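> Input: one structure, supplied below.
The values are calculated or read from the model by the stated rules, or taken from the named source; none is laboratory data. Everything numeric here is computed off the predicted structure, so don't read it as measured data. Methodologically, a virtual Cβ is constructed for each residue, glycine included, from the backbone with ideal geometry; neighbour enumeration extends over all protein chains shown. The protein model used for the area step is the full one, side chains on, heavy atoms only, and it has no ligands, DNA or RNA in it. Shrake-Rupley method; radii C 1.70, N 1.55, O 1.52, S 1.80 Å.
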Amino acid sequence: MIREFIKYHSLGNDFVIIDWFKKPESYLQSMLHGGLWEAWIRRVCAQHTGVGADGVLIIKSNVETGGPEVLVFNADGSASLQAYTQPAYFYMS
């Protein structure tokens, strides 16, 4: 499903960062909908069988402004309301 990602450590947490900034919105929507996405997040974030992470950050292009936007997902695959975006900003700089 996802072949390229980066693992960052920041503020005592580990995050998998996926750079989809240059991907079209249609690609993003097709990847994020359905149970496969949540299962992939759970597998990759698993501490002993995956790469081990506290969540997944997706860098994408904001449809309205064209600037970067970060989507945050918890290790269980659910969307997060918390903004652990510092690792993504380090990646983008």
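> If I ask for residues that are hydrophobic (A, V, I, L, M, F, W, C) and open to solvent by less than 80 Å² (accessible area, probe 1.4 Å), which ones from the stretch 20-50 would you list?
20, 21, 28, 31, 32, 37, 39, 40, 41, 44, 45, 46
> Would you check which residues across the stretch 45-60 are free of Cβ contacts under 8 Å to residues at least 40 places away in the same chain and either in a helix (DSSP H, G or I) or under 12 Å from residue 76 (Cβ atoms) (or both) and list them?
45, 46 - these are the residues of the stretch 45-60 that are free of Cβ contacts under 8 Å to residues at least 40 places away in the same chain and either in a helix (DSSP H, G or I) or under 12 Å from residue 76 (Cβ atoms) (or both).
> Find the residue count for the stretch 5-37, including only residues that are assigned to a helix (DSSP H, G or I) and over 11 Å from the mean Cα position of the chain (by Cα).
9
> Can you report the number of residues in the stretch 63-77 which are in a loop (DSSP other than H, G, I, E, B) and modelled with pLDDT under 90?
Summing the residues that are in a loop (DSSP other than H, G, I, E, B) and modelled with pLDDT under 90 in the stretch 63-77 gives 5.
> Kindly indicate the residue of the stretch 51-62 that is β-branched (Val, Ile, Thr) and touching a helix residue (DSSP H, G or I) at 6+ places or on another chain (Cβ under 6 Å) and also most open to solvent (accessible area, probe 1.4 Å) among those meeting that condition.
The selected residue is 51.
> Would you mind stating whether residue 2 is loosely packed, with under 15 Cβ neighbours inside 10 Å and in contact with a helix residue (DSSP H, G or I) (Cβ under 8 Å, 6 or more places away or on another chain)?
So residue 2 fits the description; yes.
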